[in-house]
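Structure first, then comments.
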């Protein structure tokens, strides 16, 4: 009887702990519809079987403060797997997905970065520039930091490589130091999550990102352009109101076609989402 009571007590304590975590003060949750993992509406997955349907279909984004750390959760429609055994190359227990979490901490024009990270082919409005970006990558921190140093060292103080990166079920989890974000999350902060795919052998100018070409291939997305001006993004968050899928397609379609060497103004502008805005 004593063991039964003890087990019941422990189960109740774990349930309360889980509820407390879910209701942590300052938690932010942003939902995203399913079935929009096609970028501007035309993108298709690579043909290799490791890119399972729903692998890049963003469904939910969460920010959970924990005092000295902040936990970010990015969920997709498919179970996250490790077909390439990332542990063998110092990875984080998954292989295919990668997410860039952009954060606007002040909503002040001219205070942040308007360019997207190398290889994403996006930009941000001046009044919604990002101040921090958290990279959730299957690559270990040594590789990620090396890529940052080589390809965008000017932003290394703004790019946050998590203390812990892992996958659980359909969710990517990143735990970062609160001080690396400039302080605890505030209600006025804006967020944008770009769903991408990890590329272990990226182009010289790309930060571990997988390209979108005109036609898909074994390890290439299709439905875009062979010029380097289409957004290399499968799914994003969109501001509330209207049809979110149609809105995403509209946002990601605004890039200039047929440009061999695109200028910044030829790329799409992705918006921040401000869940605390009134």
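Every number here is computed from the coordinates shown, using simple stated rules; none is lab data. What you are looking at is a predicted structure, and each value in this text was computed from that prediction instead of being measured.
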_Let me see the P(r) profile for the stretch 91-171: every Cα-Cα distance counted, bins of 5 Å, each bin given as a percent of all pairs._
3, 15, 24, 24, 16, 12, 5, 1
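Starting from the alpha-carbon convex hull of the stretch 24-269, give the projected area averaged over all orientations, in nm². List each step's numbers first, then the result.
Details: hull surface 48.8 nm².
If I average the Cα hull's projected area over directions, I get 12.2 nm².
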_Hydrodynamic radius by Kirkwood, which averages 1/r over all alpha carbon pairs of the stretch 224-278, in angstrom_ = 12.5
*With runs of 4+ DSSP H residues as the only contributors, calculate the mean residue ellipticity of the chain at 222 nm using -39,500 (n - 2.57) per run, divided by the residue total and rounded to the nearest 500.*
-4500 deg cm²/dmol
_Only bridges whose two residues both fall in the chain count here: according to DSSP, what percent of them are antiparallel, nearest 5?_
90
